């Protein structure tokens, strides 16, 4: 294994790259690295984190330690305080300096107490060290982040009232309805990260108010490819206005491999709707082969296709006792997009 595999695999080499999105293989959860150009280098943002050894997810803190190579993590973003979007945050803060924490301002139910406590501890550590805590709230304002631009499209309000007597599933749905949704890009090229935002989030709050700010080249499928983005129940007619407004060329589903019949996402009916919109070969899933996926947006507004890492990150940054190998086993596959990556 090379001395710094993360830097070798993920750090941009082409100065034209304004934004690099790296959708990490973290099992049944979500974690996305956004590298944003700042002058002649790039700054790192991490949107959500999860550690899931049971589903061969990667060691995100170890990966980020190597990727940053002594630099700070500029921003950690938590779209909502559920465990599969926060597991590992304390370990991350022990390994790297985090300058800012952006979060949705929600207070979850008891099921997610441990993850929420870790988030609160990390926020205190960051602010005690002179960093910033920012509670996200949706607006129409386009903002700058280093050389790029971004929007916070949601939440419309915080979910932080007392939860002692509230049904935990009902609270989870309320938090998904008010999940943070962020969009990074430039000109006409953007990446959309909606966390676990559901049908209510888009139908009641986002699509109507942000229709002209939703179109994106790459979309992280909401809630790990769950049908909740489209339907309340499996038999319902799907709500498609949100996906039509986004109109993604590529969709990345962050979820474990579905080898057996299970109620967990991704749901086949949701995957089919994404494929109908973007094309079968342009909808990819991290858990299918243990791959992470990468796409770039350039400073002139053009963009690359999407490529997989061939499992290199999984094999070099495993969780648990699995040993790293020099190269992944060969898996016959079709490249998602043959356009050059600009490197």
Subject >> helices (runs of 4 or more DSSP H) fully within the stretch 194-283 counting 3 or more residues that are touching a residue at least 24 places away in the same chain (Cβ under 8 Å) and surrounded by 17 or more Cβ atoms within 10 Å (Cβ to Cβ) >> reply: 241-246, 268-278
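Would you confirm, using the coordinates I've provided, whether residue 133 is part of a loop (DSSP other than H, G, I, E, B) and either at pLDDT 95 or above or surrounded by 13 or more Cβ atoms within 10 Å (Cβ to Cβ) (or both)? Reasoning before the result, please.
On the way: part of a loop (DSSP other than H, G, I, E, B): no; either at pLDDT 95 or above or surrounded by 13 or more Cβ atoms within 10 Å (Cβ to Cβ) (or both): yes.
So residue 133 fails the test.
If only one of 24, 63 is in contact (Cβ under 8 Å) with a residue 40 or more places away in the chain, surrounded by 24 or more Cβ atoms within 10 Å (Cβ to Cβ), within 21 Å of residue 119 (Cα to Cα) and more than 14 Å from the chain's Cα centre (by Cα), which one is it?
Details: 24 fails: more than 14 Å from the chain's Cα centre (by Cα).
After ruling out the rest, the residue left standing is 63.
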Original post:
Which of the residues that make up the stretch 81-95 are in contact with a strand residue (DSSP E or B) (Cβ under 8 Å, 6 or more places away or on another chain) and either touching a residue at least 40 places away in the same chain (Cβ under 8 Å) or surrounded by fewer than 19 Cβ atoms within 10 Å (Cβ to Cβ) (or both)?
Top reply: 81, 85, 89, 92
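Return the residue satisfying two criteria in turn: it lies in the stretch 97-121 and is assigned to a loop (DSSP other than H, G, I, E, B) and surrounded by fewer than 22 Cβ atoms within 10 Å (Cβ to Cβ), and of such residues it is farthest from the chain's Cα centre (by Cα).
At the first step, the residues of the stretch 97-121 found to be assigned to a loop (DSSP other than H, G, I, E, B) are 97, 104-109.
With surrounded by fewer than 22 Cβ atoms within 10 Å (Cβ to Cβ) added as a condition, the list becomes 97, 105, 107, 109.
Working: 97: 20, 105: 18, 107: 20, 109: 22 Å.
Here the answer is 109.
If you check 171, 183, 149, which single one turns out to be at pLDDT 95 or above and over 21 Å from residue 293 (Cβ atoms)?
Residue meeting the stated conditions: 149.
The values are calculated or read from the model by the stated rules, or taken from the named source; none is laboratory data. Everything quoted here is computed from the prediction, not taken from an experiment. Don't worry about glycine lacking a Cβ; one is built from the backbone with ideal geometry, like all the others, and counts go over all protein chains shown.
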